[in-house]
Each structure stands twice: as structure tokens, then as C-alpha cells.
Amino acid sequence: MKPDKDRKRDSGPSVRVLRVGEQVRHILSEILARGDVHDDLLTKHPVSITEVRMSPDLRHATVFVKPLLGKDEEAVIKALRTNTAWLQKSVAEKMSMKYAAKLKFLSDESFDEASHIDKLLRDPKVARDLEDRAPTRPRDDTSARSS
């Protein structure tokens, strides 16, 4: 078996890094869903943890969050950042790892980007261009032969 030094650096995160990130996501989601955080704003606003990206050494976790319906997004992020130390401690207690990962909360912009792309694709000008470029498919005559 080759040592880790010989692996390609651009091959993406390892299975372990992905697994730990998913475990952190589940733990944080459970904590927020149960309302264990002693913050009125976080108990009033349901928050979705969309992704957790771990650093290769598993010491840092970037947590992407989205409040449901997108309401008070900045206030929710601020509340999560205020409670970061308690959340880190809670995650560390539920995981058996050598180090507790430092959590960094960021807003998940992927939904906004997807909506923007969808809006662009639905633009009549783009739809017209896509129709002009669509290849013509040969007609399927199998239905005519079955009679």
C-alpha cells in the first residue's frame, strides 16, 4: 500500500473526511432540531445544515447553513457564531475524535445560485436559442410498423 504522500493531491477529500463531515452535520442538525441551544432566535427559526466541509486534518469544519424560508439569515448566522463554542463542545462530546473541530458558520448560497441559473435558462431569449440549436431527431417509425 502506498503512503499518503504518494496519493494525488487533487483527487478530492478522502472517504474519512467526508464521513466525519457528514457525522458533524447530523449532530448539529439534531442539536438545532431539538432546540438544545439556549438562544431564542435559533429556537424560533428552523435552520437547515446543508453541508459540512472538513479540513484534511479534521481540525476545522466549515458549516453551510440556510434558515428555512430564508428569513433573518444574517441574524441566524450571527446567533450561530455567538454560540460556536457551545456547539463545538456539544459536537466534540458526541464524537470520539482526538481533536474537537473548530466550527465556522457560513450562509449557503447554492440555492440562490441555482435559482439564478434557473431564471436565466427560463429567459425567452435563451429558450429560443436552445430551440434553434436542438438537433432534430430521426422519426421513430416503430409505431407505424406495429399495425
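In this structure, H38 does satisfy being of a type outside the set (V, I, T), outside any helix (DSSP H, G or I) and closer than 14 Å to L87 by Cα.
Residues are listed down the side, and each one gets a yes or a no for (1) exposed (fewer than 15 other Cβ atoms within 10 Å of the Cβ); (2) not aliphatic (A, V, I, L, M):
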{"position": "S11", "(1), (2)": "yes, yes"}
{"position": "A33", "(1), (2)": "yes, no"}
{"position": "H45", "(1), (2)": "no, yes"}
{"position": "R59", "(1), (2)": "yes, yes"}
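With respect to (1) touching a strand residue (DSSP E or B) at 6+ places or on another chain (Cβ under 7 Å); (2) exposed (fewer than 14 other Cβ atoms within 10 Å of the Cβ), the lone exception for V76 is condition (2).
Test L28 against the stated conditions and say whether it is part of a helix (DSSP H, G or I), of a type outside the set (V, I, T) and at pLDDT below 90. When the stated conditions are applied, L28 does not pass them. Are any residues in segment 71-103 under 20 Å from P46 (Cα atoms), of a type outside the set (V, I, T), in contact (Cβ under 8 Å) with a residue 40 or more places away in the chain and assigned to a helix (DSSP H, G or I), and if so, which ones? If the condition is that a residue be under 20 Å from P46 (Cα atoms), of a type outside the set (V, I, T), in contact (Cβ under 8 Å) with a residue 40 or more places away in the chain and assigned to a helix (DSSP H, G or I), then A79, W86, L87, S90 are the ones that fit. Out of everything in segment 51-74 that is more than 18 Å from the chain's Cα centre (by Cα) and at pLDDT 90 or above, what residue ends up being farthest from G35 (Cα to Cα)? Filtering first and then ranking leaves D57.
The values are calculated or read from the model by the stated rules, or taken from the named source; none is laboratory data. Worth saying up front: this structure is predicted, and the values here are computed from it rather than measured. Backbone-built Cβ (ideal geometry, glycine too); neighbour counts: all protein chains shown.
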